[in-house]
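Here the structure is laid out as structure tokens; the discussion comes afterwards.
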Amino acid sequence: MNKPSILICTVGTSLFQPNLEALKRELANNGIKPEYRPLAEAYQRGDWPGVAKALRPLPASDRVCGAEINSIASLVEKEYIPADCGLFFLHSSTDKGRDIAAILKDYYLDKGHAPVETVEVEDLQDEDPKRFRTKGLRNLARSVCRIVRERSAAACAINATGGYKAQIAVAVLLGQALGIPVFYKHELFSEIIAFPPLPVAFDFEVWMRASGMLYDLERTSDPVPASTYAEEWQETYESLVERVPIDGQDYLELSPVGQIFHETFRERFRTDRSQVLPPKALQKHPPRLEKGAGWPGEHPEVEAFMKKVTDEVEQVVQCATFYFDPDLPQRTRFRCGAKGIEGIYSDGRFTVKFRVESTAKTPGEQAAVVASLNEWLSRRQT
């Protein structure tokens, strides 16, 4: 079995508190051991390169060195990772997180690891629990998935020892979704706990059917009224969202599990799309504006949008309007409707709904076309 060449590490604050804070008190009381004096003095000065330099002579297994150094040393000793593996330190968006990550980067660059990079995870902080839960953990999942996507799943592993305890659960779930091992070392255990990938998979078709909602929720930083997705809602989507009550109304945000689910299958769809999509359309037809749809005979941008859908998405044959509301804005996306694939177009003032005729013959193929349409829309909006 090949060892991962990249270790993605969550970063905590144990190096500072309690470890170096305790040394600083010992220094003040003249009770510090000689081998720790340079470390305590550098910490007291706020000299982070000096802290990294003072850590190097100490055994990496010394608890003073903190959870990250202790756990990486144990992983190397147990031969889970190479001695010079690449390291990505994912730290909180706090001053302590940035400082400790900088120390770790200096420490490991000097020891010959390459690459060594620090990644700040926005909203991962402990001042606002709601922001931590709804945004911080989602951003953690997004950051890990980006590194795995760039470096490949076969090259990566996760060390979830440092940082907030909630990160361990997210890391384990990420490992299962991405097919990479996750490691954890408790401060009181001498052994590393390994969570190897299991033969457990999320449901790909559920992602394809939910892709419009997932892309939509990922694009916005604000909660979206739950009623927006009422017509397409399925019970299986519940774990993918956080429900937020605002003024007596239910709003939805993407949950950390939903972020992992979306990141995982978005990447899988990019690589497996040819296996799940139906054949390309041999003939294309111009958009059809149905008289019974209440169409007012204006808004040429709608017809232009439907033409782009038909021209640029290979499986689409034609688009035809069936609903118009001049005063009810919605959120632009595609979904599996009761009568086939539906598109929703809105500029924030009015809403048009249109049927998307495609080469899909089965519900699974329809779901794949919906995913392809939402992927196309996401590219246009970024």
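Values as computed for the structure displayed
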{"quantity": "Answer residue from the stretch 141-181, given it is over 21 Å from residue 71 (Cα atoms) and free of Cβ contacts under 8 Å to residues at least 24 places away in the same chain and is nearest to the chain's Cα centre (by Cα) among those", "calculated": "146"}
{"quantity": "Subset of the stretch 291-325 (residues that are part of a loop (DSSP other than H, G, I, E, B) and at pLDDT 85 or above)", "calculated": "313, 314, 315"}
{"quantity": "Sole exception among (1) without any contact (Cβ under 8 Å) to a residue 40 or more places away in the chain; (2) in a loop (DSSP other than H, G, I, E, B); (3) within 28 Å of residue 283 (Cα to Cα) for residue 342, by number", "calculated": "(2)"}
{"quantity": "Per-region count, the stretch 57-83, residues within 26 Å of the chain's Cα centre (by Cα) and either part of a helix (DSSP H, G or I) or without any contact (Cβ under 8 Å) to a residue 12 or more places away in the chain (or both)", "calculated": "6"}
{"quantity": "Residue in the stretch 127-141 that is in contact with an Asp or Glu (Cβ under 7 Å, 6 or more places away or on another chain), in a loop (DSSP other than H, G, I, E, B) and buried (at least 17 other Cβ atoms within 10 Å of the Cβ) present", "calculated": "no"}
{"quantity": "Among (1) closer than 23 Å to residue 375 by Cα; (2) free of Cβ contacts under 8 Å to residues at least 24 places away in the same chain, the one test that residue 243 misses", "calculated": "(1)"}
{"quantity": "Conditions (1) at pLDDT below 95; (2) over 30 Å from residue 179 (Cβ atoms); (3) in a helix (DSSP H, G or I); (4) open to solvent by 70 Å² or more (accessible area, probe 1.4 Å): number failed by residue 275", "calculated": "(2)"}
{"quantity": "Selected residue (only one of 182, 170 is open to solvent by less than 20 Å² (accessible area, probe 1.4 Å), touching a strand residue (DSSP E or B) at 6+ places or on another chain (Cβ under 8 Å) and aliphatic (A, V, I, L, M))", "calculated": "182"}
{"quantity": "Considering residues of the stretch 84-101 that are open to solvent by 10 Å² or more (accessible area, probe 1.4 Å) and in a loop (DSSP other than H, G, I, E, B) only, the residue nearest to residue 27 (Cα to Cα)", "calculated": "94"}
{"quantity": "Of all residues in the stretch 354-369 being touching a residue at least 40 places away in the same chain (Cβ under 8 Å) and within 18 Å of residue 321 (Cβ to Cβ), the one that is most open to solvent (accessible area, probe 1.4 Å)", "calculated": "357"}
{"quantity": "Cross-chain or 6+ apart pairs with Cβ under 9 Å, the stretch 262-274 first and farther than 10 Å from residue 371 by Cβ, then hydroxyl-bearing (Ser, Thr, Tyr)", "calculated": "262/211; 262/215"}
{"quantity": "Test: residue in the stretch 291-309 that is surrounded by 13 or more Cβ atoms within 10 Å (Cβ to Cβ), closer than 16 Å to residue 368 by Cα and not charged (D, E, K, R)", "calculated": "yes"}
{"quantity": "Filtered residues of the stretch 62-83 (kept if open to solvent by 70 Å² or more (accessible area, probe 1.4 Å) and more than 21 Å from residue 182 (Cβ to Cβ))", "calculated": "63"}
{"quantity": "Matching residues in the stretch 312-346 - criterion: being farther than 20 Å from residue 210 by Cβ, out of contact with any Asp or Glu (no Cβ under 7 Å at 6 or more places or on another chain) and open to solvent by 10 Å² or more (accessible area, probe 1.4 Å)", "calculated": "312, 314, 323, 324, 325, 326, 327, 328, 329"}
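The values are calculated or read from the model by the stated rules, or taken from the named source; none is laboratory data. Since we're looking at a predicted model, the values are computed, not measured. Glycine gets a Cβ as well: all are built from the backbone with ideal geometry, and neighbour counts include every protein chain shown. The accessibility values were calculated without ligands, DNA or RNA, using every heavy atom of the protein model including side chains. Shrake-Rupley method; radii C 1.70, N 1.55, O 1.52, S 1.80 Å.
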